[in-house]
Amino acid sequence: MIHFVLLIVCAVAIYLSCEWFVNAVEWLGQRLDVGKMAVGTILAAFGTALPESVVTLVAVTTGADEEAKNIGVGAAMGGPLALSTVAYGVTGGMLLLKRRGERGTEPDGSGGGRATALGDAKDMRRLAKDQKWFLPIFVVKVALGLVAFAFKPVLGALFFAAYAVYFWREIRGDDDAGEAEELEPLKLRPRAAAPETWAVVVQTLATLAVIFLASQLFVRQLDAIGPMLGLSAAVTALLLSPIATELPEIMNAVIWVRQGKTQLALANISGAMMIQATVPSGLGLIFTSWRFDGALLWAGLITMAAIVYLLLTMRAHRLTPGRLAVAALFYAAFGLGLVPILA
């Protein structure tokens, strides 16, 4: 019973911390004079993905044997899978709920319930660009897990370089840079019209620390609850743990959707996916053999299928909340396919 209680407590702690984090990171973006989309793809994504990257680093560098190190490999594959399916699916579901709640509020009675696309052509190009960055990198990442050769660890540096290029292009090429936007007061300094930089930094770092600790405790509770539900350790690690580790990104998206900042929510997920496709992968290539079994390969194939689906809808300018919510079905397909693989 205590594990279920702690699970709920951790989820609440992560959500409340994310409320403070997104508030702080928007102010941080203004202080650094970056565009609002870069706030999602770079600042927020880097902050929430950093804990998972640290976990991967610890696993691959301190693991007592190859099996222990492969926990980091599983995390490097599970993160992009959960983000490209569950995170996008939850965001789509939240948008559907939000628009349903707005139905009938417009003078013509149409409200927000119509299946309109999530942004104009420019927004769709912007979102598709992140997916086009992610997909080829991820394909190479999966392909390297199927072969063995002596200089494979050297290629880990290329993944770090790929993220560095993406980071530079995002910071330098954000079309929204310099646009003024009225922000909610910093929660740490609610009466200050322009909070001090130290307050912004303190709130950002403090919330990240809480998110990191609560996320790790959340994963431990899932590890304990899995056997209680009759799930094997392998199923728990591949099916439930990735959702837990990506919970901060999901919570960020939920909060931004609630605030009407859909593009920030989507940018946060796509930015986190880029980190998960490069940094943990680079660490895994350097410190492990980076060989995939059937379950890891299946995770890679489902992730690629989800991204291709999203890319096609984005390029056709037909990405609606409903179609975005469909992405979660790919995770259901992953779970169903995992059963015979692990049997």
Discussion item. For a quick check of your reading: which helices (runs of 4 or more DSSP H) sit entirely within region 228-301 and have at least 1 residues that are modelled with pLDDT of 90 or more?
Written reply: 247-258, 262-287
Discussion item. Take the conditions among the small types (Gly, Ala, Ser), without any contact (Cβ under 8 Å) to a residue 60 or more places away in the chain and either at negative phi or out of contact with any Cys (no Cβ under 6 Å at 6 or more places or on another chain) (or both) and apply them to residue 332. Does it pass?
Written reply: yes
Practice prompt. Kindly check whether there is at least one residue in region 242-250 that is surrounded by fewer than 23 Cβ atoms within 10 Å (Cβ to Cβ) and either within 30 Å of residue 120 (Cβ to Cβ) or touching a residue at least 24 places away in the same chain (Cβ under 8 Å) (or both).
Written response: yes
Worksheet item: Condition test on residue 304, is it in contact with a Pro (Cβ under 6 Å, 6 or more places away or on another chain) and part of a helix (DSSP H, G or I)?
Response: no
Item to complete: Report the residue count in region 272-317 for those that are of a type in the set (Lys, Arg) and buried (at least 24 other Cβ atoms within 10 Å of the Cβ).
Response: 0
Item to complete: Just one of (1) part of a helix (DSSP H, G or I); (2) farther than 22 Å from residue 162 by Cβ; (3) not aliphatic (A, V, I, L, M) trips up residue 318, so point out which.
Response: (1)
Worksheet item: Looking at this structure, is residue 271 in contact with an Asp or Glu (Cβ under 9 Å, 6 or more places away or on another chain), of a type in the set (Gly, Ala, Ser), over 22 Å from residue 239 (Cβ atoms) and touching a residue at least 60 places away in the same chain (Cβ under 8 Å)?
Response: yes
Fill in: From the options 91, 56, residue that is under 16 Å from residue 216 (Cα atoms), of a type outside the set (Phe, Trp, Tyr) and surrounded by 24 or more Cβ atoms within 10 Å (Cβ to Cβ)
56
Discussion item. Take the residues in region 1-44 that are among the hydroxyl-bearing types (Ser, Thr, Tyr) and under 20 Å from residue 270 (Cα atoms); name whichever of them is surrounded by the fewest Cβ atoms within 10 Å (Cβ to Cβ).
Written reply: 15
Worksheet item: Among the residues of region 154-173, is there at least one that is modelled with pLDDT under 75 and more than 18 Å from the chain's Cα centre (by Cα)?
Response: yes
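The values are calculated or read from the model by the stated rules, or taken from the named source; none is laboratory data. Computed from a predicted model, the values in this text were never measured in an experiment. Neighbour counts are summed over all protein chains in view; Cβ atoms, including those assigned to glycine, are modelled from backbone coordinates with ideal geometry.
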